[in-house]
Each structure stands twice: as C-alpha cells, then as structure tokens.
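**Q** Pasting in a structure now, in structure tokens, and then I'll have a few things to ask.
The values are calculated or read from the model by the stated rules, or taken from the named source; none is laboratory data. In this text the structure is predicted, and so the values were computed from the model without any measurement. Cβ: placed from backbone, ideal geometry, glycine included. Neighbour counts: every protein chain shown.
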Amino acid sequence: MNERVGTVIVGAGFAGIAAALALKAAGDDDFVILERAEAVGGTWRDNTYPGVACDVPAHLYGLSSHPWPGWSRTFAPGAEIRAYLEHVVAQEGLERHLRLSTAMVSASVARSSGLDAHAHDVEWEVRAVSTRFARSTNEGSGRPTNEGSGGSTNEGSGRSTNEGSGGSTNEGSGGPTHEGSGGPTHEGGFLARNLILAAGRLTEPLIPAIPGLDEFPGPVFHSARWDASIRVQNARIAVVGTGASAIQLAPELARQGAHVTLFQRTPAWIVPRRDRAYARAEREAWQRDPGSLARLREELYVEGEARFASRSGDPVAASEARESALTHLARQVRDPVLRDALTPDYAFGCKRVLLSDDFYPAIASGLVDLVPSALAGASDNQLVAADGSRHEVDVVVLATGFEAARQPYARLVTGEHGRTLDEHWSEGMTSVGSTLVSGFPNLYVLNGPNASLGHNSAVLIMEEQAAFAASLISRGTPIRVDPEAEAAYTAEIADRAAGTPWVEGGCRNWYTDPRSGRLTLLWPGTVSDFRSRLAAVRGSMLAPVLTP
C-alpha cells in the first residue's frame, strides 16, 4: 500500500534538512524524509576518519535559521557538525517526518487519478526498502566495491577529492550533544506530488582501479568508510590522494603514531588555515548577544564572496593568492627538492584550494613520507608507484574522492517520457536554476548540477534552493520547465565558465564532467549572483503546463 504524501525528500544531510525547514516555514507539514542510513548527518555522519573537519568557518557553515554560538573552533570538527544537525532535527521536531534506514530504490512519474479538486496531473511513485539489516560491503573484509556507485572508476573521471572536509580534529567538540534523531524505518512506497532529491554529491566513494589491490593482504578501505577497528599506532599506513581529506588525515595519523606513506599524483594549492579554539568567553558573549553572532556570520560571508575573484581567475586576485600559497609552502618546507614536488603546475583555482597549517610540516619533518607519484599497483604487501618505487605497508586508505559528476541516484529516477535522470544527463548534468530538470515535473535537485562552491559556504546555496523549491511547491500546480530553457541555462553556465581556471587551468578536477568537458558541479559565480539568478527563474524560465 502506497502512503500518500505531499513531498518526499531524499537525504537527511544539510540539503534535506534545509528542504524540510523551508517547507515548514512555508506552512507545509506534509512531507517525509527518506534516509538510507540509521541517522541524519550526511557526509558528517559517514566521514569519521581521524582529523575530519570542515574547511568553511563554522559560523558560516551552519543553517541561517539556526545559528549556534557554541561552535568550539573556527573550523568545526566533523562530529560536532553531525551533533549540530541532530540538534536542529530535534529542535524542529523533524523526527516524525524521518524514515531512517530507508533507501529510495526507484522514483517514477505516474499519472494522478484526479479524484479530488486539488489533484495534480502528475505524481511521483517512490519505492523504498529498509536497510536496517543490510550490511556495508566494507564490513568485515575491509574491501571497497563500486557496486551501486553509478559512476566510472577511472581516475580523473569527474571525481571529487573534496570529501566534505578540511582539517581539524574531533577532540573537544563543545557543540550540541543531542544523540540520535528518531524516526521509524519504512518499506513500501509513496505517492507524492513533489520529489526533492537532497542526496548530495559526496555519498558514493570513488574506488580507482589499481592492479593487484584486490589481493592486498591487509585492510583496504575508503576514507569515508573509516575502519575504527584499525590500530593506528606503529601501523604502516598508506594514504592515497592529496585532496581535502588526505591533507587532514595524513598528519593526524602521524600524530597518533602511524608510519604514513602518502601517494601524491597531483599536488594541491594550499593556503594557511589559521584554525583556533574559541574561548569560553567568546561563546558566552555570542550566546548573550545574537546580534554579534549575526554580524560575525555576515563578515565571514563577505570574506567568502571576496575569494571568488582569486578562484575564478581574476589576474590580480589569482596572482596574489598564488603568491600567498607559495610563501606558505616556502616557509614550511625548506628542502627545495621536496618543495618542488609539492608545487602545483596548474592555475590557482583549477582544483579546489585547500587549507592546512600542519600538512606541509608533517611532510617536511619526515613524519609523513611523500611519494610524488600516483599509485600504480600492488604486489603482496607492497604498493608500487608510477615512478617504480615500492613501499611496504600494512593498511591502505583510499582518499580518492567520490562519484560526483555522475550522481548515483540519477539512474533510479524516471521522468514523464520514460527516460531516467542518468540518461537525461548522459553528457553531464543540466538544469534550470541548478534545481529544476526538463522532463521531470515537480522534481527539485538540491546540491546537484552547478550548485557547489569553491569560495564560500555551499550551505548558502542549499538554503537558497530549498526556499526556491518550497515557494514553487506552495503554488500547488505542476512545475515543468521548457527544454529550451534548460538548454539556455546550460549555455549560460558554459559562457560564465569560459576562460576560468576550472575549464582552462591545466588540471583535471571534479568540477567538470569528463564526458563533455562542461562545468557541471560548480556554480560559476558568487552566492549573490546565484540568489539573483534563482529569483529570475521564478518568473521567466517556467514553461506553461503541458497538455497530454
């Protein structure tokens, strides 16, 4: 028996929670949130590796409707962010909307019976199964798989090395401590007028095809599937990758007594992080004076918007930022040979710019052994680099990013013309307003096509999308977009991206889709630009209702 509901939200991370809050703010309480895991939190639930933290200032990373004066540090540890989201869910009473341990297995457009005056001419039929007794393919064997990922396993194939993180430890979180987030499981189906996909882009680990790695005798796992049973002290641990997760993970493993070998295919541009713990007096002052907390958030927002120039290729801003990164490297790494191996040969901003104050010192001190070469193979307990060097290790951690360009959920969603979203996006993601998709009426995709940021908090974009979706849902009429409008928006994105480091910076990144070379993940503008563009969509890019 299908359960009838106004809106099905898929995912209970930041985007899904933002969508729920936006619907509630619009006076809509008729929704459910499907979450395949046993708790809310998204990437901050999944990523528990040593050192996991955000690389956006905490007071800008939270939801605007729920400022939190108790953040313990400038950059919040991952466990603290998860606790914050659990706190928001409890405070807003979202538990009754949650269907935890419930995975969407299909969603398709079905005609409505039209029996009541308010019936839409389309409904979404969403099928779901319980995952309560399902076990991860990583459990026990320590072996990652690509099953269910929905994407390529080739390196450089649009993967994200972002991994939702950026650099501190989980100790002394000092944040909200609400445990659990309630909500029953559910198995069966839903008939919903609207479908909001808030599954995120950092959900399915990308596992590179490395010859011999399947036969490696020790544990092998992705950083987003951290094996807590591993004894770190005195272990010889290989970390593969130098993205945001790797540069926090490697130094932390070394601090915990591991012998770390880091395989670096491509060095990253790294700038100072300047993280610090907040004093109790500061947190108490923000608690007493919400206005001061709002001013701090606004200052951080303005600083973030200013960074867009350096990330997007403005000659002056990019040159200044590049020099800042090179100065940071020179101060922390004295050895010229090592420094040369850590110096990128592509434009600043082409890949995600990383923040760290302890990555370079860990390498310069010898605590982390840098292999300036990609991992090419494995033989027994030795890893073989592309430069031919061999390294004996006990554990392999793949910090190799996620299936970002080809969203895993897309093959589960079928539109009104019988095509899946994955088929519709066969040459890369397309949309109108980074949220609506032609041929998929009443569907809203959050944190999907052209909705990521390289200069500011992505939560700001998610909140804009959530409010946009709620405003259209409140109209109570079918929402369709013209294919020509989608083509025009796609061309606009390409025009904005032309000449930027993201597409012409001389690197491979997860911002672009390898099938088309188009910029499909990143929004090529400021948050303010996005807000204005989304407002314009409401009036000018929505097509009239189609007739059968």
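A quick yes/no check of all residues on (1) touching a helix residue (DSSP H, G or I) at 6+ places or on another chain (Cβ under 9 Å); (2) of a type outside the set (D, E, K, R):
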site	(1), (2)
Q256	no, yes
R265	no, no
W269	yes, yes
R274	no, no
R280	no, no
W286	yes, yes
L293	yes, yes
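**Q** May I pose another question? Being without any contact (Cβ under 8 Å) to a residue 40 or more places away in the chain and not hydrophobic (A, V, I, L, M, F, W, C) is the filter; apply it to region 478-501 and report the residue that is surrounded by the most Cβ atoms within 10 Å (Cβ to Cβ).
**A** Step by step, filter region 478-501, then rank; the result is R496.
The rows are residues; the columns are (1) in contact with a Phe, Trp or Tyr (Cβ under 9 Å, 6 or more places away or on another chain); (2) farther than 20 Å from G439 by Cβ; (3) modelled with pLDDT of 95 or more; (4) of a type in the set (A, V, I, L, M, F, W, C).
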| residue | (1), (2), (3), (4) |
| --- | --- |
| Y511 | yes, yes, yes, no |
| R518 | no, no, yes, no |
| S528 | no, yes, yes, no |
| R531 | no, yes, yes, no |
| A536 | no, yes, no, yes |
| P544 | no, no, no, no |
| P548 | no, no, no, no |
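**Q** Right, something else. Just the residues that are surrounded by 17 or more Cβ atoms within 10 Å (Cβ to Cβ) and either among the polar types (S, T, N, Q) or in contact with a Gly (Cβ under 9 Å, 6 or more places away or on another chain) (or both), please, taken from region 266-282.
**A** Correct list: T266, A268, W269, R273, D275, Y278.
**Q** So, in region 492-526, exactly how many residues are under 23 Å from M462 (Cβ atoms), assigned to a helix (DSSP H, G or I) and not small (G, A, S)?
**A** Qualifying residue count, region 492-526: 4.
**Q** Separate question: May I ask you to verify whether D369 is modelled with pLDDT of 95 or more and assigned to a strand (DSSP E or B)?
**A** yes
**Q** Oh, and also: Among (1) on the phi < 0 side of the Ramachandran plot; (2) at pLDDT below 95, where does W226 come up short?
**A** Among (1) on the phi < 0 side of the Ramachandran plot; (2) at pLDDT below 95, W226 violates only (2).
**Q** Sticking with this one: Is it the case, given these coordinates, that R334 is crowded, with 18+ Cβ neighbours inside 10 Å, touching a residue at least 24 places away in the same chain (Cβ under 8 Å), of a type in the set (K, R) and out of contact with any strand residue (DSSP E or B) (no Cβ under 9 Å at 6 or more places or on another chain)?
**A** No.
**Q** List every residue pair whose Cβ atoms lie under 7 Å apart, where the two residues are 6 or more positions apart in sequence or sit on different chains, the first residue falls within region 276-292 and is part of a helix (DSSP H, G or I), and the second residue, located anywhere, is aliphatic (A, V, I, L, M).
**A** Partner pairs satisfying both residue conditions: W286/L293; S292/A285.
**Q** Could you list, ordered by first residue, the pairs with Cβ atoms under 7 Å in which the first is in region 59-72 and in contact (Cβ under 8 Å) with a residue 60 or more places away in the chain and the second is of a type in the set (S, T, N, Q) and buried (at least 18 other Cβ atoms within 10 Å of the Cβ), at least 6 apart or interchain?
**A** Close Cβ pairs (under 7 Å, with a partner that is of a type in the set (S, T, N, Q) and buried (at least 18 other Cβ atoms within 10 Å of the Cβ)) amount to L60/S457; Y61/S457; S72/S173.
**Q** Go through (1) surrounded by fewer than 20 Cβ atoms within 10 Å (Cβ to Cβ); (2) within 30 Å of I230 (Cβ to Cβ) one by one and return the number of the condition T400 breaks.
**A** Unmet for T400, out of (1) surrounded by fewer than 20 Cβ atoms within 10 Å (Cβ to Cβ); (2) within 30 Å of I230 (Cβ to Cβ): (1).
**Q** The conditions are (1) touching a residue at least 12 places away in the same chain (Cβ under 8 Å); (2) in a helix (DSSP H, G or I); (3) more than 30 Å from P217 (Cβ to Cβ), and I363 fails exactly one of them. Which is it?
**A** (3)
**Q** Condition (residue is crowded, with 17+ Cβ neighbours inside 10 Å, among the hydroxyl-bearing types (S, T, Y), at pLDDT 95 or above and under 30 Å from C507 (Cβ atoms)) applied to region 257-265: is it met by at least one residue?
**A** yes
**Q** Consider only pairs whose beta carbons are under 6 Å apart and that are at least six residues apart or on different chains; among these, list those whose first residue lies in region 307-327 and is free of Cβ contacts under 8 Å to residues at least 60 places away in the same chain and more than 13 Å from P501 (Cβ to Cβ) and whose second residue is part of a helix (DSSP H, G or I) and of a type in the set (F, W, Y).
**A** none
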